[in-house]
Ligand code: CA
């Protein structure tokens, strides 16, 4: 399983609905993390680092609205898109859903086809490379479908790890990634790799990016990690 496979967190207390949704998302190529309630969702957000959250409105104890509010007020999770599911279709609910910061809103019973389209739309915004789009940063162009990278029009030779590192950086230029975050995203959570391995591959990526000249676009942030630009 590729480490950069996009992850969806499904938060739904009804087991049958949770499974149908998870099954369809897995069939679309997503990794799925499942939560039965709001408390579990808030724990899994930290553990699984999801790219998108599909969140049911009606949950026991902590409601979907409260979960949404908490996710959207924390700086480290604020940018994760949330698609809210609700059985109620009144306009006021829609407005409340959007006021809590939900990025999209789907009324139950929903069509699976429509929900998948909404998930893909959020993915294009949150993880453009995972959605097969072309990424550009200054004179560097990365085509996530053909795995080709060019700089100022010249093709760059990159190893698979360096390609995944560059994809991660190019999806969010300016964002500072810690070594641990890069390990999770590029190598995967299930593999034990020393954080110094990250430094080795960053060194190779820097070399690869400058193989035809140009300045080093990667920035070392002391005590924090690395960033593009
Ligand atoms: Ca429910």
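Structure data summary
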read-out: Residues (within 10 Å of the ligand (Cβ to nearest atom) and within 14 Å of residue 103 (Cα to Cα)) located in the stretch 59-74; value: 64
read-out: Residue within the stretch 82-102 that is away from the ligand (no atom under 16 Å from the Cβ), modelled with pLDDT of 90 or more and crowded, with 21+ Cβ neighbours inside 10 Å present; value: no
read-out: Check on residue 223, surrounded by fewer than 14 Cβ atoms within 10 Å (Cβ to Cβ) and assigned to a helix (DSSP H, G or I); value: no
read-out: The stretch 132-147 - residue that is surrounded by fewer than 19 Cβ atoms within 10 Å (Cβ to Cβ) and in contact (Cβ under 8 Å) with a residue 40 or more places away in the chain and, of those, farthest from residue 78 (Cα to Cα); value: 139
read-out: Some residue of the stretch 219-227 being without any contact (Cβ under 8 Å) to a residue 24 or more places away in the chain, more than 17 Å from residue 160 (Cβ to Cβ) and out of contact with any strand residue (DSSP E or B) (no Cβ under 9 Å at 6 or more places or on another chain); value: yes
read-out: From the options 56, 4, residue that is within 12 Å of the ligand (Cβ to nearest atom), at pLDDT below 95 and surrounded by 14 or more Cβ atoms within 10 Å (Cβ to Cβ); value: 56
read-out: Those residues of the stretch 104-123 which are under 18 Å from the mean Cα position of the chain (by Cα) and either at pLDDT 90 or above or not assigned by TED's automatic domain parsing to the domain that holds residue 79 (or both), in sequence order; value: 115, 116, 117, 118, 119, 120, 121, 122, 123
read-out: Boolean, residue 37 is within 11 Å of the ligand (Cβ to nearest atom) and either out of contact with any helix residue (DSSP H, G or I) (no Cβ under 8 Å at 6 or more places or on another chain) or on the phi > 0 side of the Ramachandran plot (or both); value: yes
read-out: Filter pass, residue 21 being touching a helix residue (DSSP H, G or I) at 6+ places or on another chain (Cβ under 7 Å), outside the structural domain of residue 183 (by TED's automatic domain parsing) and within 12 Å of the ligand (Cβ to nearest atom); value: no
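The values are calculated or read from the model by the stated rules, or taken from the named source; none is laboratory data. Predicted model, so just to flag it, every value in this text is computed and none were measured. Using ideal geometry, Cβ is built from the backbone for each residue, glycine included, and neighbour counts are taken over all protein chains shown.
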